[in-house]
């Protein structure tokens, strides 16, 4: 959504009092007046606002928020305006008012409507009517910060109190400047953004002051030459800074100051749009009186749980929202409605750039699973997609339409553009490709039905292309094409030569960055089919036998441990929730199967955006995390470092423990299934690391503690007990974000027991 469209939408949501305030801000911005009064009422003389400090003839102002979305409403609006024009005419004759009437309207109007009614006002009443609709108000807002803020304030975003986990206004700007997933050198980009932010806040700074601020902010050991080179580049090469030779000080160039100001404005707009959309959802469910509570809960969810989106655990976000759902249930009688409102709120959050920036800030300020991210960054993984994504991408390939709000279309466009920018190749199996071809044939077979007058009244189809055509038609973006012409434009037609359609589809997919791959072996799918059948029965869903077979084959293919098939763990991108929920069951029945990562398109983009940062371990631990978290020691502990203190990898027991702990970590990395009552604060990928780290730190502080712990981990007879203790603590951490209160006492008891056994044995 463009900035102007966002502001226009906000104006359309204004109540009477809110629009009054916007108009007052407009008059102050345009006419430079200070004293004005809203007079709308019984004895207002036909005026909604009186300006008391204009030096010339008394001007006339009117306003309304009544809708004009159809012919009947437009007629009522016309009558309203002409009635106000008649009052204005009387004010001219009787009270010596100006013959100029400015009429403010909270929606947009066509130029034809404005010209026609202005002509009627002049010819019929002698009144110079000026209509200032939402489009003209927002245009003025671009020039006036106060008017801009006034429009934003109607969403109520500035009145919402959020928990302390929300980042500050400065931090919002900071993360905007850094960018999310765009920086080639994060360390340098962070320093640069911080310098620009300081100059934006303070205006003028000497080099010494800049260095001092950076040193304090980053706890940096960078020398003066580093900052000199950076400032020279920002000044001479990038023209972001001006240098005053007299004052020996830097400031932002006018262009850069404007750019950062626009970033700030855009962030305010995104925040306000977010608040407005959340409010709209709450109004629909009569929950708007609890706006602040819902906002706080949503912030907690997305800020504290953002890293889960970079693993795989948040495919079904509704299941991740226990505390929000609990709150909704306490405020709503209908349990189904409570679940639906949570689903709607989460959808707003998933689509909003503002809350994504908040989450990005949290990512920078919290522990990053360095080992996991590094493995991904260093690996050339093959990324497979199922049928749905290519279908919607084909719509985008043929009809690149702006301002389309269809969720699947927008996400498919984003996926295509994201992969193209990063040169990411996508793969589609031949089985799923055949489904795409079959879907196209279904679209062609619907042509006779599309010709029937009023057929759209029967509702949509399951066919992506048929639905997309009617969606474009509804928006008025079909260019007058029939459904048949629409498909012809896509090159989807019955060709005389067999196989031509298939080639055409494959050609288009290839240009979308999707490569077709063939299976090199035949898979036994009966057991996997049964698992899928059981899952569909349990969830009350249906799928064709054709589709079931293809899904079963895909699962077997992804799980094929043959290194010639998958040299590196593959990635599977899908919207199919059944395929998410079936994975744990599949691995349970196929313990030797190759693990694969699985994401929705939006999760994939999230994950790879983060991976696009060029960050080494040293930079993260010593610079970035130090700057943003303040607790270096806790965040730089790795599992390997901690295990090296208590295990000998060359010892048999050491190897057994390493294998067992590797299995546990692997389970956390790949596991996507979560209990429906799982808490918001999900166990992160580094929970095992965190546990072993806490264990070693605790026993380090005790006399001979570390050697006692090391001795415990060398005893074969207690290995099962140790593993059970670790597992129990991880479960507790997953459920309550803390380890068991008996964590250390349980290990003390095991150490004491093995020590007594040794003493008896020695005797």
Filter segment 578-595 for residues that are at pLDDT 85 or above and either part of a loop (DSSP other than H, G, I, E, B) or under 24 Å from the mean Cα position of the chain (by Cα) (or both) and give the result.
578, 579, 580, 581, 590, 591, 592, 593
Taking segment 518-527 only, how many residues are surrounded by 15 or more Cβ atoms within 10 Å (Cβ to Cβ) and in contact (Cβ under 8 Å) with a residue 60 or more places away in the chain?
1
Looking at segment 312-331, can you tell me whether even one residue there is within 28 Å of residue 405 (Cα to Cα), in contact with a strand residue (DSSP E or B) (Cβ under 7 Å, 6 or more places away or on another chain) and at pLDDT below 60?
yes
Do you know which of the residues in segment 725-763 that are exposed (fewer than 15 other Cβ atoms within 10 Å of the Cβ) and modelled with pLDDT of 90 or more is nearest to the chain's Cα centre (by Cα)?
742
Suppose we filter 190, 195 for residues that are modelled with pLDDT under 75 and more than 23 Å from residue 14 (Cα to Cα); which single one remains?
190
So, residue 62, is that one touching a helix residue (DSSP H, G or I) at 6+ places or on another chain (Cβ under 8 Å), loosely packed, with under 13 Cβ neighbours inside 10 Å, closer than 25 Å to residue 12 by Cβ and free of Cβ contacts under 8 Å to residues at least 60 places away in the same chain or not?
no
Flag for residue 158 being at pLDDT below 90, under 24 Å from residue 262 (Cβ atoms) and touching a helix residue (DSSP H, G or I) at 6+ places or on another chain (Cβ under 6 Å):
no
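Residue by residue, here is whether (1) in contact (Cβ under 8 Å) with a residue 60 or more places away in the chain; (2) within 15 Å of residue 129 (Cβ to Cβ) holds:
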| site | (1), (2) |
| --- | --- |
| 74 | no, no |
| 85 | no, yes |
| 94 | no, no |
| 108 | yes, no |
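Okay, residues lined up against (1) in a helix (DSSP H, G or I); (2) under 20 Å from residue 351 (Cβ atoms); (3) in the same structural domain as residue 335 (by TED's automatic domain parsing); (4) within 27 Å of the chain's Cα centre (by Cα):
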| site | (1), (2), (3), (4) |
| --- | --- |
| 227 | yes, no, yes, no |
| 261 | yes, no, yes, yes |
| 274 | yes, yes, yes, yes |
| 281 | yes, yes, yes, yes |
Please work out if residue 532 is assigned by TED's automatic domain parsing to the domain that holds residue 405, surrounded by 11 or more Cβ atoms within 10 Å (Cβ to Cβ), touching a residue at least 24 places away in the same chain (Cβ under 8 Å) and more than 30 Å from residue 590 (Cβ to Cβ).
no
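The values are calculated or read from the model by the stated rules, or taken from the named source; none is laboratory data. No experiment lies behind these values; they were computed from the predicted model shown. Every residue, glycine as well, gets a Cβ built from its backbone with ideal geometry; the counts of neighbours run over all protein chains shown.
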